[in-house]
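No lab work stands behind these numbers, since they all come straight from the coordinates. Just so it is clear, the structure is predicted and the values come from calculations on it, not from any experiment. In this analysis, Cβ positions are derived from the backbone assuming ideal geometry, glycine residues included, and neighbour counts consider all displayed protein chains.
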Amino acid sequence: MKQLVPIFISIFFLVIAQLLLKAGMNQVGPVELNDVNALGKLVIKVFLTPHLLAGVLLYILSSFFWLIGLSHVELSYAYPFVGLAYVLVVLFSWLFLKESVTLIRWAGVILIVAGVFLVSRT
């Protein structure tokens, strides 16, 4: 179980990064990638919007802990735990971003939790 601590830290940072990225994009607004200029403007906005910059930095930190975790356990064992990120993103999006989550999504979340539990038992 001790080997999974970096994996869980990675997942935690990954989830927080997703929430920050969404909050940042809510500030930026819709992005159209019809031309090269739009892509360049998006890159600049990433570095000028605190939520987006923090989200990108947390992704990097998440990757660092993921690598530490992979040095201790097999990928086929570690990777299904990433499913917990889906669960937490749905839960936190509902709680903090006030997104609506349908019953079918909650059913999917339950299936993901069950799958992660089964993998963790092997």
Fill in the blank from the handout: Every listed condition ((1) touching a His at 6+ places or on another chain (Cβ under 7 Å); (2) surrounded by 17 or more Cβ atoms within 10 Å (Cβ to Cβ)) holds for Gln3 save (2)
Practice task
For residues that are without any contact (Cβ under 8 Å) to a residue 60 or more places away in the chain and of a type in the set (A, V, I, L, M, F, W, C), scanning just the range 71-96, find the one that is farthest from Leu21 (Cα to Cα).
Solution key: Leu75
Completion exercise
Heads up, the helices (runs of 4 or more DSSP H) in the range 6-122 (entirely inside) with at least 3 residues that are surrounded by 15 or more Cβ atoms within 10 Å (Cβ to Cβ) are 36-48, 50-70, 83-96, 103-120
